[in-house]
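S.K.: Please find one structure pasted underneath; my questions will follow.
The values are calculated or read from the model by the stated rules, or taken from the named source; none is laboratory data. Remember, it's a predicted structure, so these values are computed and weren't measured experimentally. In this analysis, Cβ positions are derived from the backbone assuming ideal geometry, glycine residues included, and neighbour counts consider all displayed protein chains.
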């Protein structure tokens, strides 16, 4: 499936209330771009021009909200799902490089890190407000909305931070508190909310050899080690809870110096075991994933390879794929 007609980088897939899926990609090969996938027709539409290089995105009612977290000068953008036109939003007040974004409800997305500052955006008045400070600074952590409305932030170790730690934000009291420590130091890992209310995390920069996984129980505030995926998924990994409750782990990097993978595994919630679901049709690091109404998963774009250049010194440049593919329930 030629899903995009443009080259895709790291971004986010957001499912609109009517089932359409928005994929927004950062500024690569021609600038920031976004497309909308129509599952019933299997076709793609372009949105209007984007006002900034985007990063993580969340659904706010009938709008898509995105923030550029690639540098300290982050900006926000808002997509109207009816007109498919973007408009600029107010920029965050603090440096949130590498920070996660999570929606508390239909009007308030929360942005946390890199310098311990937490901010909430109010879609109704278009302004940011403080939501306190985290106990530790974090870079490339994960933020997961729990079923009770609290937010779990895990890992994201820095020189001043702690990649084992995790903490919880309570929007009712507006306060942060440290919770249980993970068993593995994690940065650039992936997390997803399970259907039973727990949170699964996999991979990370410092535990890439076999993708050890662990689960957070919000009732006890503790982490428990579960079975390993068996194949390294360093960063840029798609991790998504599917409609049947199982979890898809696909693609990502498997070494710390610019390698990538097409492998995928399925996590069974009942047995807490991983099974191989076969390779994707393309290597995908930093791909975008979204659930489809029929139970399948759409994966789009990502890094398919790295080109190396050596003149006195060596460096590599990512090459992005413009393809997309669907993992159906039969495939899985």
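S.K.: With the requirement that a residue be assigned to a loop (DSSP other than H, G, I, E, B) and within 18 Å of residue 62 (Cβ to Cβ), what does the range 91-108 give you? Steps first, answer last, please.
M.R.: Taking the range 91-108 first, the residues assigned to a loop (DSSP other than H, G, I, E, B) are 91-100, 104-108.
Once the filter is applied, which keeps residues that are assigned to a loop (DSSP other than H, G, I, E, B) and within 18 Å of residue 62 (Cβ to Cβ), the range 91-108 yields 104, 105, 106, 107, 108.
S.K.: If you check 45, 120, 52, 111, which single one turns out to be assigned to a strand (DSSP E or B) and at pLDDT below 90? I'd like the intermediate steps shown before the answer.
M.R.: Values: 120 fails: at pLDDT below 90; 52 fails: assigned to a strand (DSSP E or B); 111 fails: at pLDDT below 90.
From the options 45, 120, 52, 111, the qualifying one is 45.
S.K.: Follow-up. Looking at the range 166-206 only, could you name the residues that are under 24 Å from residue 253 (Cβ atoms) and not in a loop (DSSP other than H, G, I, E, B)?
M.R.: Of everything in the range 166-206, those that are under 24 Å from residue 253 (Cβ atoms) and not in a loop (DSSP other than H, G, I, E, B) turn out to be 166, 190, 191, 192, 193, 199, 200, 201, 202.
S.K.: Please go through the range 102-113 and pick out each residue that is over 15 Å from residue 171 (Cα atoms) and either more than 16 Å from the chain's Cα centre (by Cα) or surrounded by fewer than 22 Cβ atoms within 10 Å (Cβ to Cβ) (or both). First the steps, then the outcome.
M.R.: Residues of the range 102-113 over 15 Å from residue 171 (Cα atoms): 113.
Within the range 102-113, none qualify.
S.K.: To continue, here is another question. I'm trying to understand the selection: among the residues of the range 259-289, which are in contact (Cβ under 8 Å) with a residue 40 or more places away in the chain, in a loop (DSSP other than H, G, I, E, B) and farther than 28 Å from residue 19 by Cβ?
M.R.: Scanning the range 259-289 gives 259, 260, 272.
S.K.: Using the structure shown, decide if residue 88 is within 16 Å of the chain's Cα centre (by Cα) and within 27 Å of residue 18 (Cα to Cα).
M.R.: On the way: within 16 Å of the chain's Cα centre (by Cα): no; within 27 Å of residue 18 (Cα to Cα): yes.
Considered against the rule, which asks whether it is within 16 Å of the chain's Cα centre (by Cα) and within 27 Å of residue 18 (Cα to Cα), residue 88 comes out as no.
S.K.: When you check residue 135 against the structure, is it buried (at least 19 other Cβ atoms within 10 Å of the Cβ) and either within 21 Å of the chain's Cα centre (by Cα) or part of a loop (DSSP other than H, G, I, E, B) (or both), yes or no?
M.R.: Values: buried (at least 19 other Cβ atoms within 10 Å of the Cβ): no; either within 21 Å of the chain's Cα centre (by Cα) or part of a loop (DSSP other than H, G, I, E, B) (or both): yes.
Spelling it out, it is not the case that residue 135 is buried (at least 19 other Cβ atoms within 10 Å of the Cβ) and either within 21 Å of the chain's Cα centre (by Cα) or part of a loop (DSSP other than H, G, I, E, B) (or both).
S.K.: Looking only at residues in the range 227-249 that are in contact with a strand residue (DSSP E or B) (Cβ under 7 Å, 6 or more places away or on another chain), part of a loop (DSSP other than H, G, I, E, B) and closer than 19 Å to residue 184 by Cβ, which one is modelled with the highest pLDDT?
M.R.: Taking the range 227-249 first, the residues in contact with a strand residue (DSSP E or B) (Cβ under 7 Å, 6 or more places away or on another chain) are 227-231, 233, 236-243, 246-249.
If we keep only those that are part of a loop (DSSP other than H, G, I, E, B) too, we end up with 227-231, 233, 236-237, 242-243, 246.
With closer than 19 Å to residue 184 by Cβ added as a condition, the list becomes 227-231, 233, 236-237.
Numbers: 227: 92, 228: 87, 229: 83, 230: 73, 231: 71, 233: 70, 236: 75, 237: 81.
Of everything passing the filter in the range 227-249, 227 is modelled with the highest pLDDT.
S.K.: Also: Being under 20 Å from the mean Cα position of the chain (by Cα) and not in a strand (DSSP E or B) is the filter here, so list the residues in the range 138-161 that pass it.
M.R.: Hits for the range 138-161 are 138, 139, 140, 141, 146, 147, 149, 150, 155, 156, 157, 158.
S.K.: Right, here's the next one. Among the listed residues 111, 152, 123, identify the single one that is within 24 Å of residue 63 (Cβ to Cβ), touching a residue at least 60 places away in the same chain (Cβ under 8 Å) and in contact with a strand residue (DSSP E or B) (Cβ under 8 Å, 6 or more places away or on another chain).
M.R.: Working: 111 fails: touching a residue at least 60 places away in the same chain (Cβ under 8 Å); 152 fails: within 24 Å of residue 63 (Cβ to Cβ).
On inspection, the qualifying residue turns out to be 123.
S.K.: Given the condition over 24 Å from residue 39 (Cβ atoms), at pLDDT 90 or above and buried (at least 21 other Cβ atoms within 10 Å of the Cβ), answer yes or no: does some residue in the range 250-264 qualify?
M.R.: Keep residues of the range 250-264 that are over 24 Å from residue 39 (Cβ atoms), which gives 252-261, 263.
Restricting the remaining residues to those that are at pLDDT 90 or above gives none.
Taking every residue of the range 250-264 in turn, none turns out to be over 24 Å from residue 39 (Cβ atoms), at pLDDT 90 or above and buried (at least 21 other Cβ atoms within 10 Å of the Cβ).
S.K.: Filter the range 75-90 for residues that are part of a loop (DSSP other than H, G, I, E, B) and touching a residue at least 24 places away in the same chain (Cβ under 8 Å) and give the result.
M.R.: Step one: of the range 75-90, the residues part of a loop (DSSP other than H, G, I, E, B) are 75, 81-84, 90.
Scanning the range 75-90 gives 75, 81, 83, 84, 90.
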